[in-house]
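Worksheet: the structure to be examined is printed underneath.
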Amino acid sequence: MQEKTQIRVAFIMLLLLGFGAGRSGTAAERPNILFLFSDDHAVNAISAYGGPLANVAPTPNIDRIAREGAVFLNSFCANSICGPSRANILTGKHSHKNGFMRNGNSFDQSQWTVARDLQSNGYNTAVIGKWHLKSNPVHFDHWEVFPGQGSYYNPVFIQPDGSRKAFNGYATDLTTEKAVAWLDSRDKSKPFFLMCQHKAPHRTFAPALRHLGSFDQVEIPEPSSLFDTYENRSRTLANNEMEIDRHFDWAYDAKVRKDERGDVTLPKPDRYGTPEYNRMNDKQKAKWDAHFGPKNQKFLADYKSGKFNDQDLVRWKYRRYMRNYLSTVKAVDESVGRMLQYLDDNGLAENTIVIYSSDQGFFLGEHGWYDKRWMFEESFRMPFLVRWPGVIEPGSRPKELIQNIDYAPTFLEVAGLDASNEIQGKSLVPLFRGDAKDWRESLYYAYYELGEHAVPQHFGVRTQNHKLIYFPITDEWNLFDLQRDPGEMKSVHADPAYRRTREELAAEFIRLRELYEAPPFPKK
Ligand code: SGN
Ligand code: CA
């Protein structure tokens with residue numbers, strides 16, 4: 001009798017704690033964390049974000065996360081470049097605190113990371129795919145990552161013993177297969193933390209061969225700033241090296257190989273050659289050639305006959321770029337579908353928090369650009385979609401300002417662990433529950449790399465309605481009114497009507513730099 005009562009009390013306590021019917025797995029299980037991540041996926045190329053490309057973005061599975069969970073509309077990175085963003089995520093800190101300020105740095109593995117705490121507190125941890133932090137992963141029970149940027153076709157993965165091994169196939173598919181294989185073989189007595197991190201849709205935007213041609217019949221709308229001439233903002237914009245017009249390479253980016261051109265000479269630039277094409281075997285090359293070959297011949301004939309003016313050429317490259325970019329997204333979306341299906345098939349969906357994100361945004365022709373780095377919206381924004389059954393209201397679209405330094409403290413709270421004092425981000429769990437009380441009103445941004453694509457160092461603050469950017473190299477300030485000018489075409493910093501806003505943002509910028517203990521601006 002007494003024993004029965006004890007069992008009943010224990011059962012009721014479990015119900016009260018929220019481990020009732022509807023959750024699969026053992027009652028006391030902590031949630032699994034499935035972090036689905038890609039490289040350079042702009043929110044404009046995700047339908048659920050509802051941007052100008054919403055009708056053409058091939059993302060039914062990523063959209064499913066939005067439908068069954070939340071899509072964060074104001075999600076941003078702290079430093080819009082690959083390695084630094086990944087370091088922000090692992091440490092919950094701005095770049096100057098974790099030491100990984102630019103691509104090419106080597107991540108200091110002796111520092112605190114969220115993987116360390118999850119692993120030492122009973123999580124089974126793994127990372128597969130793009131890593132890009134130079135030093136190999138630590139605090140992961142399993143890892144298999146690309147060297148550096150990795151390759152799309154028949155890529156090499158660094159093995160846990162440090163050796164390198166090439167695999168036949170397409171990077172996105174292989175990353176998915178390896179992630180699924182790890183889930184199958186993992187230690188099932190523990191909750192898992194899996195980072196499944198794709199190379200796609202990063203440059204050189206090389207699609208799975210099965211997806212070549214997917215967008216041939218699709219009209220892709222053109223951004224209104226495709227022919228931006230960079231007036232009314234910092235003069236550093238005009239020095240960029242990331243224009244579809246002047247910097248998109250014919251063979252490397254646009255896929256018109258030199259050996260296909262006969263006597264036609266294309267205008268510059270034309271660097272780097274065709275490394276991805278050269279990685280393929282003959283059968284793979286034949287599929288590529290069957291798709292691009294006839295299109296390239298038609299283009300070259302038209303070009304030779306003088307059909308293209310300068311703007312036509314930019315438009316042609318823009319369409320070629322977007323068709324390939326969106327095709328690489330298609331495989332990422334299929335991967336997301338496969339991972340969600342795995343959770344469904346294995347009774348894991350209820351007790352797994354699923355996140356889809358990408359290391360930064362990307363320009364899809366806005367301001368005439370490809371690439372990222374700038375604090376302008378397209379590259380500053382980061383996708384953040386999250387599903388957590390029973391916690392997040394399906395179909396919610398929070399507007400609070402969130403940043404990638406928030407992910408680590410979020411994972412800790414999901415796992416029931418305390419955040420260390422050093423963490424600069426804030427747990428998103430209250431927002432997941434719909435509680436936005438006392439949420440932050442501004443975000444700090446810092447970009448330190450001055451290299452490829454010629455984007456200078458710049459620093460800034462963003463609120464819901466405004467953005468202030470400082471360019472130390474020219475000692476210029478830009479202020480944008482994001483409600484009136486969402487395309488950021490005109491700085492209103494010198495406009496007397498914005499005096500008060502300018503002063504408020506400048507004060508907020510100083511406050512955030514002090515709060516985060518930011519270093520002095522780099523010397524010119
Ligand atoms: C490579 C690309 C650049 C890109 C950087 C950073 N060039 O260097 O276009 O900006 O990566 O990207 S490529 O010739 O190698 O394609 S990041 O996502 O890794 O930060
Ligand atoms: Ca990236």
| field | Accessible surface of the stretch 446-515, 1.4 Å probe, proportion on carbon and sulfur as whole % | value | 52
| query | Accessible area per residue of the stretch 212-321 at 1.4 Å probe, in Å²? | reply | 53
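Go ahead and estimate [θ] at 222 nm for the chain from helices alone: -39,500 (n - 2.57) per DSSP H run with n ≥ 4, summed, over the residue count, rounded to 500.
-9500 deg cm²/dmol, from helical runs alone.
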| task | Take the alpha-carbon centre of the stretch 453-524, take the same for the stretch 146-186, and report the distance between them in whole Å. | result | 41
| said: If I ignore ligands, DNA and RNA and count only protein heavy atoms, how much of D438 is accessible to a 1.4 Å probe, in Å² to the nearest 10? | reply: 130
| task | Please list E476, E68, E517, E441 in order of solvent-accessible area, largest first, computed with a 1.4 Å probe with all protein chains present. | result | E441, E517, E68, E476
| field | Residue-normalised accessible area of the stretch 446-515, given per residue in Å² at a 1.4 Å probe | value | 47
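Based on the Cβ-Cβ distance of K188 and D345, what FRET efficiency does E = 1/(1 + (r/R0)^6) give at R0 = 25 Å, to the nearest 0.05?
0.95
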| query | Counting Lys +1, Arg +1, Asp -1, Glu -1, what net charge surrounds R500 among other residues with beta carbon under 13 Å of its beta carbon? | reply | -3
| Of all accessible heavy-atom area on the stretch 212-321, the percent that carbon and sulfur account for (1.4 Å) | 47
| task | Calculate, axis by axis, the spread of Cα positions in the stretch 446-515 along the three principal axes, and write the results as whole Å, longest axis first. | result | 36, 30, 21
| task | Net charge near A70: determine it from the other residues with C-beta under 14 Å of the C-beta of A70, scoring Lys and Arg +1 and Asp and Glu -1. | result | 0
| Counting alpha carbon pairs within less than 8 Å and at least 6 residues apart, what relative contact order, in whole percent, applies to the stretch 351-460? | 23
| Taking the Cα centre of each part, how many Å lie between the stretch 106-136 and the stretch 190-255? | 29
| Cross-link partners of K399 among aspartates and glutamates (Cα-Cα below 13 Å; sequence separation of 8 or more within a chain) | D435, E441
| Using a 1.4 angstrom probe and counting only protein chains, how large is the accessible area of E514 in Å², to 10? | 130
| message | With bins 10 Å wide starting at 0, give me the P(r) of the stretch 31-189 over every alpha carbon pair, in whole percents. | response | 9, 33, 39, 18, 1
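For the ranges 133-139, 464-470, what's the packing order if you count other beta-carbon atoms within 10 Å of each residue, average per peptide, and put the highest first? Could the numbers behind the result be given before it?
Details: 133-139: 17.1, 464-470: 19.6.
Going from most to least packed, we get 464-470, 133-139.
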| field | Full-extension gain in nm, S224 to A166, via 0.36 nm per residue minus C-alpha separation | value | 16.6 nm
| What translational D, rounded to a whole number of µm²/s, comes out for the stretch 381-455 from Stokes-Einstein when the hydrodynamic radius is the Kirkwood one over Cα pairs, at 4 °C and 1.567 mPa s? | 91
| Cα convex hull of the stretch 212-321, projected area averaged across orientations, nm² | 8.2
| message | Whole-Hz ³J(HN,Hα) for each residue in the stretch 131-141, computed from phi via Karplus 6.51 cos²θ - 1.76 cosθ + 1.60 with θ = phi - 60°, x for glycine and proline: what do you get? | response | 10, 6, 10, 6, 5, 5, x, 10, 6, 10, 5
| All-pairs Cα distance distribution in the chain, expressed in whole percent, bin size 20 Å | 22, 55, 21, 2, 0
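The values are calculated or read from the model by the stated rules, or taken from the named source; none is laboratory data. No experiment lies behind these values; they were computed from the predicted model shown. With ideal geometry, Cβ positions are generated from the backbone for all residues, glycine too; neighbour counts draw on all protein chains shown. Just the protein is used for accessible areas: all its heavy atoms, side chains included, with ligands, DNA and RNA removed. Shrake-Rupley method; radii C 1.70, N 1.55, O 1.52, S 1.80 Å.
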